[in-house]
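Notes follow once the structure below has been shown.
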Amino acid sequence: MTEELAKGLDGILVAESELSSVDGQIGELIYRGFSIEDLAKHASYEEVVYLLWYGSLPTEAELEHFSGQLAEARRLHPDVLLTLESLADADEDPMAALRTGVSMLSAYDSEASYTTGDIEASRKKGIRILGKLPTIIAAFQAYREGREPVEPDPSRSFAGDFLRMLSGEEGTPLARETFDMALILHADHGFNASTFTSIVIGSTMADLYASVTGGIGALSGPLHGGANQEVMRMFRDIEDSDRGPIEWVNEMQERGERIPGFGHRVYKVKDPRANILEAKAAALAEEGSEDRYIGYAQEIESHLTEMGLVEKGIAPNVDFYSGVVYDQLGIPFDLYTPIFALSRTGGWIGHVIEYQEDNRLIRPRARYIGPTEADFAPIDQR
Ligand code: COA
């Protein structure tokens, strides 16, 4: 009898985790028991990362200490900056630049390699990695724009300092709050492809730099983190065309193409994060930020709902609205996926630390379907 093949590992349980839970039938996401709605409304990204890594919400003193350490870690070694500058000159994709930048960080961390069983050492290493991601993305963007990077300011919040380093401007309190919330929404999401990649790497007891670098690689694909850029590309194409959003998606469907930002392996209803971001996009628009695409997003969503797509379980996911919000914040399209990686690094590191506490090397099998006997011919006889 042939064993059943779990292609794509759909629904296969491979570990236990206390970090986050996704209920795709009712559209619920929780981090360690706290609803994503509560965390988005009341917590900061630093608080959420602490929750994911330490298991409970921090006290004021714990948060101050943790945020301070993250802020102190923001500065980059000059060699990393030099590399980012040459990658920008070579017109490298920002996600690839982030992957290279993070991979390079280990060279300047004398304690980069894994210390078996020392969870606190892993958390400290996690802080040194996560703290530097905002600076890498902002510095790469500065070089692309032909200016010098803005120096990090450890007195500012993770989200606020990133926005300031990215644009060189302070930004409004609503912009900072919205960005912080977007980071919270993307921080963790069960055993998705990039988290699983990080864990697979961590299960070999490789160092955290390797796990985060691998996570970034997995997240870069259009079926995962790349989807929000695809959504914005679609909106921009609609804007540049002589067709409206409804006509556009109808044509896509006639051609059998997938609508970016719709559908999810787990959610069969609208992603709760999409609801929160949609509301935030409306708040930003009310405050006067340019809202080129919220109208397109809402029109497409109601049209596809009327057409029965949502009822079939293909509903808007987080990417359908995250791009709209980032665009309102003036962030360039191709930084959306690196920002997703920035946020998800909190989740990746939390999962790797949790998994390594009770580690088992991940090593599945493939069913061999190649020939069982082949006659070897020397090269000159082939
Ligand atoms: N637009 C239209 N139809 C879609 C769709 C979309 N975005 N996503 C899935 N479908 C359809 C498929 O065509 C398929 O239809 P069929 O059974 O008639 O062939 C059915 O839904 C199931 O698709 P499948 O690929 O098996 O689902 P999945 O669980 O593997 O898909 C995604 C999950 C995310 C890969 C998929 O929905 C997708 O490609 N979405 C667009 C990209 C995206 O937004 N990714 C970000 C996710 S956070």
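Laboratory data are not the source of any read-out in this text; all were calculated from the coordinates shown. Computed from a predicted structure; not experimentally measured. Here the Cβ positions follow ideal geometry from the backbone for every residue, glycine too, while neighbour counts run over all protein chains shown.
For region 22-138, just run the numbers: alpha carbon Rg, then divide by 2.2 N^0.38 Å, N being how many residues it has.
On the way: Rg = 16.9 Å, N = 117, 2.2 N^0.38 = 13.4 Å.
That works out to 1.26 for region 22-138.
Sorted by average packing, counted as other Cβ atoms within 10 angstrom per residue and highest first, what order do 276-282, 367-373 take? Intermediate results must be reported in sequence, preceding the final value.
Working: 276-282: 20.4, 367-373: 5.9.
Final packing ranking: 276-282, 367-373.
For region 227-328, how big is Rg over Rh, using alpha carbon atoms and the Kirkwood form of Rh?
0.94
Distance between the C-alpha centers of region 1-55 and region 324-382? Whole Å please.
Using only Cα atoms to place each centre, the spacing works out to 18 Å.
GNM, the chain, Cα, under 10 Å: largest mean-square fluctuation among Arg32, Arg265, Arg363?
Largest GNM mean-square fluctuation: Arg363.
Just check the chain against the gyration tensor rule for me: Cα atoms, a ≥ b ≥ c as the square roots of the eigenvalues, rounded for a/c under 1.5, and otherwise prolate or oblate depending on whether a/b exceeds b/c. Walk me through the intermediate numbers first.
On the way: a/c = 1.35, a/b = 1.03, b/c = 1.30.
Judged from the Cα gyration tensor, the chain comes out rounded (a/c under 1.5).
Over its Cα atoms, what ratio of radius of gyration to 2.2 N^0.38 Å does region 188-273 give? Walk me through the numbers on the way to the answer.
Working: Rg = 16.8 Å, N = 86, 2.2 N^0.38 = 12.0 Å.
That works out to 1.41 for region 188-273.
Between the DSSP loop rule and a limit of at most 13 other Cβ atoms within 10 Å, which GluC sites (Glu not before Pro) in region 1-64 are left?
Those satisfying the criteria are Glu3, Glu4, Glu16, Glu18.
Starting at the first residue of region 262-270, write each ³J(HN,Hα) from the Karplus equation 6.51 cos²θ - 1.76 cosθ + 1.60 with θ = phi - 60°, in whole Hz, x for Gly and Pro.
Once rounded to whole Hz, the list reads 10, x, 7, 4, 9, 6, 10, 10, 4.
Given H placed on each backbone N at 1.01 Å, which residues far from Ser20 in sequence or on other chains put an amide H within less than 5 Å of it?
Those lying under 5 Å, H to H, from Ser20 are Arg32, Gly190.
I'd like the distance between the alpha-carbon centres of region 69-111 and region 273-309, rounded to an integer number of Å.
Taking the Cα centre of region 273-309 as reference, the centre of region 69-111 is 35 Å away.
Which ³J(HN,Hα) values, rounded to whole Hz and listed in residue order, are derived for region 193-210 from phi using the Karplus coefficients 6.51, -1.76 and 1.60 in 6.51 cos²θ - 1.76 cosθ + 1.60 with θ = phi - 60°, glycine and proline given as x?
Result, ordered by residue: 4, 6, 5, 5, 4, 4, 5, 4, 5, x, 5, 8, 6, 5, 6, 4, 4, 5 Hz.
Given contacts defined as C-alpha pairs under 8 Å and at least six residues apart, what's the relative contact order of region 227-328, whole-number percent?
43 percent
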